[in-house]
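So the structure is just underneath, and the comments pick up after that.
The values are calculated or read from the model by the stated rules, or taken from the named source; none is laboratory data. Values in this document were obtained by computation on a predicted structure and should not be read as measured data. As a convention, Cβ positions derive from the backbone with ideal geometry for all residues, glycine included, and neighbour counts pool all protein chains shown.
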Amino acid sequence: MIGTKLHIAREVTKGEEAIIDRMLAAPKYVISPEVCDMIGREDVRRAVMSVLEARIARLPYDPCLIEFAMTDHENGKSGPRYFVLLSETKTEHTIAAEICWLKEDNEKQEMIVVDKPINVLLQEKGFQIEYDTLEDPAPWAATAGCCFALLMLNTRGIEKRVIETDKINRARARHRDGREPIPRHTIVHIGTIYDRQGKAHAATGTGRHMPVHLRSGFVRRQHFGKGNEEIKTVYIPPCIVNYREESGEKPKIPDKVVAV
């Protein structure tokens, strides 16, 4: 399953390859159409707002790439594919979004690159941006990318399956047609199921040992105070998992396909 089209974006981009190279180097979330459809749901909106209201809105990785395409359900077609590179800035509660999108129409492919980053201010009541015109899709793409990134902070019980692309890339290289390599990426699936009491149950029961990897930042509810009766929401920063210095094994940059 090849979830990303970032390699195609690299092929058709002219004169703006530097931004694609930065995107290729960053951890990647590829958002499936089903997850994109969830963005308008009230419970999803509350999940994003809870992070904003707690003033702990952070990126799962800094920087990270959010790749997505919204579906037009009236004609059943997918719209432009957006690539939003998010970075935390020196200004508190502000995310910088570098944006480009891939338009595909009748086998014609065109890459549109926004010439400068858009700053997204993360406020308790929502997102605030300054942009010349609201008709341009760039500000919408910036806020949508931030929404998906913040949703990753609230995602629990997921595991990932790496999609290795070495074999297909070797085949592409043998053709010598100049096509860009397909990035290695990961499909996210449910590894843990939580019952109504919040108790975790393994979905697979494999008990496998996880390799050395970077765990993304996330948020959790933490009990504190007298008798642990009070609850606050805290941000858990990214960290390296299962690393042992003597092994010499290094974590790979995580690239994820987010699906339901």
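Listing for the model above:
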{"read-out": "Matching helices (runs of 4 or more DSSP H) fully within region 1-107 where at least 3 residues are under 26 Å from Glu124 (Cβ atoms) and in contact (Cβ under 8 Å) with a residue 40 or more places away in the chain", "value": "42-53"}
{"read-out": "Test: residue in region 87-108 that is at pLDDT below 90, in contact with a Gly (Cβ under 7 Å, 6 or more places away or on another chain) and within 30 Å of Tyr235 (Cβ to Cβ)", "value": "no"}
{"read-out": "Any hit, region 221-234, residues being outside any strand (DSSP E or B), at pLDDT 70 or above and within 26 Å of Pro63 (Cβ to Cβ)", "value": "no"}
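To keep it simple, each residue is scored yes or no on (1) within 22 Å of Ser50 (Cα to Cα); (2) within 19 Å of the chain's Cα centre (by Cα); (3) modelled with pLDDT of 70 or more.
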| residue | (1), (2), (3) |
| --- | --- |
| Leu134 | no, no, no |
| Ala138 | no, yes, yes |
| Ala149 | yes, yes, yes |
| Arg208 | no, no, no |
| Pro211 | no, no, no |
